[in-house]
């Protein structure tokens, strides 16, 4: 039986997180970015371990009164479709409600239909679009979910 554990990110997880980002998003970020996100709101940075190995994470910050913003959600390609992203988001919602936040916002590439469908299944709706949001010039949809406490 596969064991999935969701827990708070620790700075010792940076190497594993860097690999998840590279393999799932095709990006490489400075390790200081992860520490900065963690320092802003430690409970908003959750990792998922499958059989003891980090395979996914969600990183969010408090971005306004009662609002959390997901900066990154990444799941290793071979682990997608196993409800790991959903488990991470559920834990994030718990952390948000515990902090008195009532909504979650995020951006998603307009070309990423799979991610958009995933977020819509979780109750997110598109409320805006942002031209040339990503480094490669791609547009983004801004999505939001209102939390039920």
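The values are calculated or read from the model by the stated rules, or taken from the named source; none is laboratory data. Quick caveat: nothing in here was measured; it's all calculated off a predicted structure. For neighbour counting, all protein chains shown are included, and Cβ atoms are generated from backbone atoms with ideal geometry for every residue, glycine included.
What the table shows:
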| read-out | value |
| --- | --- |
| Condition met for residue 87 (farther than 24 Å from residue 29 by Cα, outside any strand (DSSP E or B) and either at pLDDT below 95 or in contact with a strand residue (DSSP E or B) (Cβ under 6 Å, 6 or more places away or on another chain) (or both)) | yes |
| Test: residue in the stretch 112-122 that is touching a helix residue (DSSP H, G or I) at 6+ places or on another chain (Cβ under 8 Å) and not in a helix (DSSP H, G or I) | yes |
| Conditions (1) within 29 Å of residue 146 (Cβ to Cβ); (2) without any contact (Cβ under 8 Å) to a residue 40 or more places away in the chain; (3) more than 15 Å from the chain's Cα centre (by Cα): number failed by residue 114 | (3) |
| Top-ranked residue in the stretch 129-149 [being crowded, with 16+ Cβ neighbours inside 10 Å and part of a loop (DSSP other than H, G, I, E, B); ranked as modelled with the lowest pLDDT] | 133 |
| Count of the stretch 50-62 residues which are more than 12 Å from the chain's Cα centre (by Cα) and within 14 Å of residue 73 (Cα to Cα) | 2 |
| Matching residues, the stretch 96-107, being more than 11 Å from the chain's Cα centre (by Cα) and crowded, with 20+ Cβ neighbours inside 10 Å | 96, 101 |
| Boolean, residue 42 is more than 10 Å from the chain's Cα centre (by Cα), surrounded by fewer than 15 Cβ atoms within 10 Å (Cβ to Cβ), without any contact (Cβ under 8 Å) to a residue 12 or more places away in the chain and farther than 24 Å from residue 116 by Cβ | no |
| Number of positions in the stretch 1-32 that are in a loop (DSSP other than H, G, I, E, B) and at pLDDT 95 or above | 2 |
| Count - residues of the stretch 37-80 that are in a loop (DSSP other than H, G, I, E, B) and under 16 Å from residue 20 (Cα atoms) | 4 |
